[in-house]
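Take a look at the structure below.
The values are calculated or read from the model by the stated rules, or taken from the named source; none is laboratory data. The structure displayed is predicted, hence computed values, not measured ones. Positions of Cβ are generated from backbone atoms using ideal geometry, with glycine treated the same way; all protein chains shown enter the neighbour counts.
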Amino acid sequence: MRFILALILLLSSTSLHPSQKPVLHHFAKAKPGDFIVWEASKMITLIAVRSINPSSILLEEISAPVSVKPASWAEWVKTRAPGHTSWSMMEINLEHPEVIEAFSFTKSAWIATSTNDHFLTTLLHLSFAPLPDEKLRRIGPAPLDGERDQRKIWAPPFFIEGKQLYPPFDAFETTWPQDHSELSGKTLQLYFDRNALSPFPWWIHLETEHIHFTVRAIDSGHNLPSSCYRNLPKRAPEFLGAPVKTTSGGLQFAVRSPKYYRHFDLFAVDLSTSQKQMHLLTHHMQSSGERTHLTVEAEELAQMLEPHHAYTWLLMPTTPGSAYAELTKPFVFEP
(Lines give C-alpha, C1' and ligand atoms only; values in the text may rest on other atoms or scores of the structure.)
Protein backbone atom coordinates (compact mmCIF):
# COMPACT_ATOMS: atom_id res chain seq x y z
CA MET A 1 0.00 0.00 0.00
CA ARG A 2 2.98 2.36 -0.38
CA PHE A 3 1.15 3.54 -3.51
CA ILE A 4 -1.71 4.81 -1.36
CA LEU A 5 0.58 6.74 0.98
CA ALA A 6 2.41 8.23 -1.98
CA LEU A 7 -0.99 9.32 -3.25
CA ILE A 8 -1.65 11.12 0.02
CA LEU A 9 1.67 12.90 -0.44
CA LEU A 10 0.64 14.02 -3.89
CA LEU A 11 -2.73 15.37 -2.87
CA SER A 12 -1.16 17.29 0.01
CA SER A 13 1.03 19.28 -2.40
CA THR A 14 0.95 23.02 -1.75
CA SER A 15 1.46 23.63 -5.46
CA LEU A 16 -2.16 22.68 -6.14
CA HIS A 17 -5.20 24.92 -5.97
CA PRO A 18 -7.36 24.16 -2.89
CA SER A 19 -10.07 22.64 -5.09
CA GLN A 20 -7.44 20.18 -6.35
CA LYS A 21 -6.25 19.09 -2.89
CA PRO A 22 -9.06 16.90 -1.56
CA VAL A 23 -6.85 14.99 0.90
CA LEU A 24 -5.34 18.13 2.39
CA HIS A 25 -8.82 19.67 2.63
CA HIS A 26 -10.16 16.59 4.40
CA PHE A 27 -7.12 16.23 6.67
CA ALA A 28 -7.83 19.70 8.04
CA LYS A 29 -10.68 18.01 9.92
CA ALA A 30 -8.86 14.76 10.72
CA LYS A 31 -8.20 13.69 14.30
CA PRO A 32 -5.93 11.05 15.85
CA GLY A 33 -7.74 7.74 15.72
CA ASP A 34 -9.47 8.32 12.37
CA PHE A 35 -8.98 5.25 10.20
CA ILE A 36 -9.95 3.58 6.94
CA VAL A 37 -9.69 -0.01 5.70
CA TRP A 38 -8.87 -0.53 2.00
CA GLU A 39 -9.20 -3.73 0.02
CA ALA A 40 -7.20 -4.51 -3.13
CA SER A 41 -5.47 -7.52 -4.69
CA LYS A 42 -6.82 -9.93 -2.04
CA MET A 43 -5.31 -7.83 0.75
CA ILE A 44 -6.77 -5.42 3.29
CA THR A 45 -4.87 -2.45 4.65
CA LEU A 46 -5.89 -0.41 7.68
CA ILE A 47 -4.55 3.16 7.72
CA ALA A 48 -4.92 5.17 10.93
CA VAL A 49 -4.07 8.76 11.79
CA ARG A 50 -1.87 8.67 14.88
CA SER A 51 -0.99 12.36 15.13
CA ILE A 52 -1.50 15.46 13.03
CA ASN A 53 -0.38 19.08 13.15
CA PRO A 54 -0.15 21.86 10.55
CA SER A 55 3.22 20.60 9.33
CA SER A 56 2.98 16.79 9.40
CA ILE A 57 0.78 13.73 9.79
CA LEU A 58 1.74 10.36 11.27
CA LEU A 59 0.02 7.34 9.72
CA GLU A 60 -0.02 3.75 10.91
CA GLU A 61 -0.47 0.97 8.33
CA ILE A 62 -1.44 -2.66 8.98
CA SER A 63 -1.92 -5.13 6.11
CA ALA A 64 -3.38 -8.64 6.12
CA PRO A 65 -4.95 -11.17 3.72
CA VAL A 66 -8.52 -10.36 2.73
CA SER A 67 -9.69 -13.40 4.72
CA VAL A 68 -8.87 -11.44 7.89
CA LYS A 69 -11.99 -9.38 8.54
CA PRO A 70 -12.54 -9.00 12.29
CA ALA A 71 -15.86 -8.03 13.81
CA SER A 72 -14.15 -5.06 15.49
CA TRP A 73 -11.16 -3.22 14.07
CA ALA A 74 -10.47 -1.71 17.49
CA GLU A 75 -10.26 -5.14 19.14
CA TRP A 76 -8.14 -6.42 16.25
CA VAL A 77 -5.59 -3.64 16.74
CA LYS A 78 -5.57 -3.99 20.53
CA THR A 79 -4.84 -7.73 20.20
CA ARG A 80 -1.85 -7.09 17.90
CA ALA A 81 -3.80 -7.62 14.67
CA PRO A 82 -3.87 -11.45 14.42
CA GLY A 83 -3.03 -12.62 10.90
CA HIS A 84 -1.35 -9.40 9.77
CA THR A 85 1.52 -9.61 7.29
CA SER A 86 3.00 -6.12 7.66
CA TRP A 87 2.87 -3.27 10.18
CA SER A 88 4.51 0.10 9.72
CA MET A 89 4.34 3.83 10.45
CA MET A 90 5.04 6.77 8.15
CA GLU A 91 5.32 10.47 8.92
CA ILE A 92 4.48 12.79 6.02
CA ASN A 93 5.41 16.46 5.71
CA LEU A 94 2.30 18.45 4.79
CA GLU A 95 4.13 21.71 4.12
CA HIS A 96 6.73 20.38 1.69
CA PRO A 97 5.34 17.01 0.60
CA GLU A 98 7.85 14.32 1.40
CA VAL A 99 8.21 11.27 3.60
CA ILE A 100 9.90 12.42 6.81
CA GLU A 101 10.40 8.92 8.21
CA ALA A 102 9.05 5.42 7.74
CA PHE A 103 9.59 2.30 9.84
CA SER A 104 8.54 -1.33 9.43
CA PHE A 105 7.76 -2.97 12.75
CA THR A 106 7.43 -6.30 10.96
CA LYS A 107 11.03 -6.15 9.75
CA SER A 108 12.33 -4.03 12.65
CA ALA A 109 13.92 -1.71 10.11
CA TRP A 110 13.50 1.75 8.67
CA ILE A 111 11.98 1.91 5.20
CA ALA A 112 14.22 3.64 2.67
CA THR A 113 12.26 6.40 0.94
CA SER A 114 14.99 7.25 -1.57
CA THR A 115 13.98 4.30 -3.76
CA ASN A 116 10.69 6.09 -4.46
CA ASP A 117 12.22 9.50 -5.21
CA HIS A 118 11.53 9.41 -8.94
CA PHE A 119 7.98 8.17 -8.42
CA LEU A 120 7.17 10.76 -5.78
CA THR A 121 8.87 13.58 -7.69
CA THR A 122 6.65 12.88 -10.68
CA LEU A 123 3.53 12.59 -8.53
CA LEU A 124 4.19 15.94 -6.91
CA HIS A 125 4.07 17.67 -10.30
CA LEU A 126 0.69 16.27 -11.30
CA SER A 127 -2.60 18.14 -10.98
CA PHE A 128 -5.98 16.62 -10.20
CA ALA A 129 -9.19 17.85 -11.81
CA PRO A 130 -12.87 17.08 -11.22
CA LEU A 131 -13.96 14.00 -13.15
CA PRO A 132 -16.05 15.14 -16.17
CA ASP A 133 -19.73 14.20 -16.14
CA GLU A 134 -19.34 11.93 -19.14
CA LYS A 135 -16.77 9.87 -17.25
CA LEU A 136 -18.81 9.46 -14.09
CA ARG A 137 -20.06 5.93 -13.54
CA ARG A 138 -23.81 5.48 -13.67
CA ILE A 139 -26.21 2.83 -12.39
CA GLY A 140 -27.89 0.47 -14.83
CA PRO A 141 -27.49 -0.39 -18.53
CA ALA A 142 -26.47 2.32 -20.97
CA PRO A 143 -29.31 3.94 -22.98
CA LEU A 144 -29.82 3.10 -26.62
CA ASP A 145 -28.33 5.37 -29.27
CA GLY A 146 -30.20 8.67 -29.38
CA GLU A 147 -31.85 8.21 -26.01
CA ARG A 148 -31.20 10.62 -23.13
CA ASP A 149 -29.13 9.17 -20.31
CA GLN A 150 -31.27 9.48 -17.20
CA ARG A 151 -29.43 6.99 -15.05
CA LYS A 152 -28.40 7.94 -11.52
CA ILE A 153 -24.75 8.70 -10.92
CA TRP A 154 -22.96 5.89 -9.10
CA ALA A 155 -21.28 6.47 -5.73
CA PRO A 156 -19.12 3.98 -3.85
CA PRO A 157 -20.67 2.28 -0.79
CA PHE A 158 -19.64 4.12 2.36
CA PHE A 159 -19.32 2.66 5.86
CA ILE A 160 -18.43 3.99 9.30
CA GLU A 161 -17.96 1.39 12.05
CA GLY A 162 -19.76 -1.11 9.83
CA LYS A 163 -22.82 1.11 9.36
CA GLN A 164 -23.63 2.17 5.80
CA LEU A 165 -24.20 5.88 5.13
CA TYR A 166 -24.98 7.73 1.91
CA PRO A 167 -22.91 10.95 1.76
CA PRO A 168 -22.40 12.86 -1.51
CA PHE A 169 -19.08 12.22 -3.26
CA ASP A 170 -16.63 14.26 -5.33
CA ALA A 171 -14.61 12.51 -8.02
CA PHE A 172 -11.20 13.55 -9.37
CA GLU A 173 -8.82 12.28 -12.04
CA THR A 174 -5.23 12.70 -13.18
CA THR A 175 -3.07 11.23 -15.94
CA TRP A 176 0.50 10.06 -15.54
CA PRO A 177 2.86 11.76 -18.01
CA GLN A 178 4.31 9.93 -21.02
CA ASP A 179 7.64 9.11 -19.39
CA HIS A 180 8.13 5.54 -20.75
CA SER A 181 7.63 4.11 -17.25
CA GLU A 182 5.15 1.39 -16.26
CA LEU A 183 2.72 4.16 -15.25
CA SER A 184 3.10 6.12 -18.48
CA GLY A 185 -0.24 7.48 -19.68
CA LYS A 186 -2.31 5.79 -16.98
CA THR A 187 -5.46 7.45 -15.68
CA LEU A 188 -6.21 7.58 -11.97
CA GLN A 189 -9.65 8.29 -10.52
CA LEU A 190 -10.39 9.04 -6.86
CA TYR A 191 -13.63 9.49 -4.90
CA PHE A 192 -13.88 11.52 -1.67
CA ASP A 193 -16.95 11.99 0.48
CA ARG A 194 -17.89 15.65 0.20
CA ASN A 195 -18.67 16.03 3.91
CA ALA A 196 -15.18 14.83 4.92
CA LEU A 197 -16.59 12.09 7.14
CA SER A 198 -13.35 10.31 6.32
CA PRO A 199 -10.09 12.16 5.54
CA PHE A 200 -9.02 9.42 3.12
CA PRO A 201 -9.89 8.73 -0.52
CA TRP A 202 -12.71 6.20 -0.46
CA TRP A 203 -12.37 4.69 -3.93
CA ILE A 204 -9.28 4.64 -6.18
CA HIS A 205 -9.32 3.36 -9.73
CA LEU A 206 -6.22 2.95 -11.87
CA GLU A 207 -6.97 2.32 -15.52
CA THR A 208 -4.87 1.35 -18.55
CA GLU A 209 -5.62 -0.30 -21.87
CA HIS A 210 -5.01 -3.70 -20.34
CA ILE A 211 -5.50 -3.28 -16.57
CA HIS A 212 -8.35 -2.07 -14.39
CA PHE A 213 -7.15 -1.89 -10.79
CA THR A 214 -9.38 -0.71 -7.94
CA VAL A 215 -8.69 0.06 -4.31
CA ARG A 216 -11.98 0.22 -2.43
CA ALA A 217 -12.66 1.10 1.18
CA ILE A 218 -14.67 -1.44 3.13
CA ASP A 219 -14.93 0.40 6.45
CA SER A 220 -13.80 3.49 8.35
CA GLY A 221 -14.19 5.02 11.75
CA HIS A 222 -12.90 7.21 14.53
CA ASN A 223 -11.12 6.83 17.88
CA LEU A 224 -9.14 3.73 16.92
CA PRO A 225 -7.20 2.86 20.08
CA SER A 226 -3.42 3.13 20.16
CA SER A 227 -1.67 -0.05 19.15
CA CYS A 228 1.28 -1.82 20.74
CA TYR A 229 3.48 0.53 18.69
CA ARG A 230 2.89 4.00 20.05
CA ASN A 231 5.76 5.92 18.48
CA LEU A 232 7.65 6.09 15.21
CA PRO A 233 11.29 5.12 15.88
CA LYS A 234 13.75 7.82 14.88
CA ARG A 235 17.15 7.14 13.36
CA ALA A 236 20.34 8.42 14.95
CA PRO A 237 22.73 10.70 13.06
CA GLU A 238 26.10 9.19 12.17
CA PHE A 239 29.58 10.50 11.44
CA LEU A 240 30.89 9.64 7.98
CA GLY A 241 34.52 9.20 8.91
CA ALA A 242 37.07 11.29 10.75
CA PRO A 243 37.06 15.10 10.63
CA VAL A 244 38.99 16.72 7.80
CA LYS A 245 41.12 19.86 8.09
CA THR A 246 39.90 22.84 6.08
CA THR A 247 42.20 25.14 4.11
CA SER A 248 41.78 27.76 6.84
CA GLY A 249 42.88 25.36 9.58
CA GLY A 250 39.48 24.43 10.92
CA LEU A 251 37.80 21.02 11.01
CA GLN A 252 34.91 19.75 8.93
CA PHE A 253 32.70 16.79 9.88
CA ALA A 254 30.63 14.87 7.36
CA VAL A 255 27.41 13.56 8.87
CA ARG A 256 24.47 11.53 7.62
CA SER A 257 21.34 12.59 9.45
CA PRO A 258 17.56 12.39 8.99
CA LYS A 259 16.15 15.72 7.88
CA TYR A 260 13.98 16.04 10.98
CA TYR A 261 17.16 16.89 12.92
CA ARG A 262 17.83 20.53 12.07
CA HIS A 263 20.22 21.63 14.82
CA PHE A 264 23.07 19.89 16.65
CA ASP A 265 25.41 20.31 19.59
CA LEU A 266 28.97 19.17 18.82
CA PHE A 267 31.14 18.12 21.75
CA ALA A 268 34.85 17.31 21.91
CA VAL A 269 35.63 14.83 24.73
CA ASP A 270 39.15 15.23 26.10
CA LEU A 271 40.69 11.77 26.57
CA SER A 272 43.95 13.18 27.88
CA THR A 273 42.40 14.20 31.19
CA SER A 274 41.09 11.87 33.86
CA GLN A 275 37.75 13.71 33.97
CA LYS A 276 37.24 13.36 30.19
CA GLN A 277 36.07 16.95 30.05
CA MET A 278 33.53 17.82 27.35
CA HIS A 279 33.80 21.00 25.27
CA LEU A 280 30.83 22.41 23.35
CA LEU A 281 32.08 23.75 20.03
CA THR A 282 30.47 26.50 18.00
CA HIS A 283 30.04 25.43 14.38
CA HIS A 284 28.18 26.26 11.21
CA MET A 285 26.26 23.75 9.15
CA GLN A 286 25.41 23.09 5.52
CA SER A 287 22.88 20.41 4.55
CA SER A 288 21.75 18.75 1.35
CA GLY A 289 19.18 16.02 1.78
CA GLU A 290 20.38 13.75 4.57
CA ARG A 291 24.04 14.72 4.19
CA THR A 292 25.33 17.50 6.44
CA HIS A 293 28.71 19.20 6.87
CA LEU A 294 29.59 20.83 10.18
CA THR A 295 32.56 23.16 10.18
CA VAL A 296 34.46 24.41 13.26
CA GLU A 297 36.74 27.36 12.60
CA ALA A 298 40.42 27.36 13.62
CA GLU A 299 39.88 30.17 16.16
CA GLU A 300 37.21 28.13 17.97
CA LEU A 301 39.46 25.05 18.07
CA ALA A 302 42.39 27.06 19.45
CA GLN A 303 40.20 28.55 22.17
CA MET A 304 38.46 25.33 23.25
CA LEU A 305 41.01 22.53 22.72
CA GLU A 306 44.42 21.77 24.19
CA PRO A 307 47.34 21.15 21.82
CA HIS A 308 48.49 17.49 21.60
CA HIS A 309 45.45 16.25 23.52
CA ALA A 310 43.41 13.35 22.14
CA TYR A 311 39.68 13.86 21.61
CA THR A 312 36.61 11.90 20.61
CA TRP A 313 33.47 13.55 19.27
CA LEU A 314 29.78 13.53 20.21
CA LEU A 315 27.01 14.89 18.01
CA MET A 316 23.67 15.46 19.73
CA PRO A 317 20.50 16.73 18.04
CA THR A 318 18.96 19.53 20.05
CA THR A 319 15.58 17.74 19.88
CA PRO A 320 14.90 16.32 23.38
CA GLY A 321 15.25 12.56 23.66
CA SER A 322 17.07 12.14 20.35
CA ALA A 323 19.76 9.54 19.75
CA TYR A 324 23.32 10.81 19.37
CA ALA A 325 26.33 9.99 17.20
CA GLU A 326 29.79 9.20 18.57
CA LEU A 327 33.12 9.17 16.77
CA THR A 328 35.28 7.10 19.11
CA LYS A 329 38.53 6.96 17.14
CA PRO A 330 40.90 9.36 18.97
CA PHE A 331 41.78 12.59 17.20
CA VAL A 332 44.93 14.41 18.35
CA PHE A 333 44.60 18.17 18.10
CA GLU A 334 47.62 19.73 16.48
CA PRO A 335 47.15 23.49 15.90
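Conditions tested, residue by residue: (1) within 20 Å of the chain's Cα centre (by Cα); (2) closer than 21 Å to W154 by Cβ; (3) at pLDDT 85 or above; (4) surrounded by 13 or more Cβ atoms within 10 Å (Cβ to Cβ).
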{"residue": "L197", "(1), (2), (3), (4)": "no, yes, yes, yes"}
{"residue": "F200", "(1), (2), (3), (4)": "yes, yes, no, yes"}
{"residue": "E207", "(1), (2), (3), (4)": "no, yes, no, yes"}
{"residue": "L232", "(1), (2), (3), (4)": "yes, no, yes, yes"}
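Of all residues assigned to the stretch 166-188, none qualifies as being under 30 Å from D265 (Cβ atoms) and not in a strand (DSSP E or B).
Checking each residue of the stretch 219-234 against the condition of being among the hydrophobic types (A, V, I, L, M, F, W, C) and in a strand (DSSP E or B) gives no match. Take the conditions modelled with pLDDT under 90 and among the aromatic types (F, W, Y) and apply them to F103. Does it pass? No, not satisfied.
One residue stands out among those in the stretch 243-257 that are surrounded by 13 or more Cβ atoms within 10 Å (Cβ to Cβ) and hydrophobic (A, V, I, L, M, F, W, C): the one that is nearest to the chain's Cα centre (by Cα), which is V255. Filtering F159, F213 for residues that are at pLDDT 90 or above and of a type in the set (F, W, Y) leaves a single hit, F159. Of all residue pairs spaced 6 or more apart or on separate chains, those with beta-carbon atoms under 7 Å, a first member in the stretch 157-168 that is surrounded by 10 or more Cβ atoms within 10 Å (Cβ to Cβ) and a second member that is of a type in the set (D, E) are F158/D193; F159/D219; G162/D219; P167/D193. Right, L58: in contact with a helix residue (DSSP H, G or I) (Cβ under 7 Å, 6 or more places away or on another chain), more than 12 Å from P225 (Cα to Cα) and assigned to a strand (DSSP E or B) or not? It is false that L58 is in contact with a helix residue (DSSP H, G or I) (Cβ under 7 Å, 6 or more places away or on another chain), more than 12 Å from P225 (Cα to Cα) and assigned to a strand (DSSP E or B). When H283, H293 are checked against the criterion of being at pLDDT 95 or above and in contact with a helix residue (DSSP H, G or I) (Cβ under 8 Å, 6 or more places away or on another chain), a single residue qualifies: H283. Looking only at the stretch 305-314, decide whether some residue is within 24 Å of the chain's Cα centre (by Cα) and closer than 12 Å to P237 by Cα. No: zero hits.
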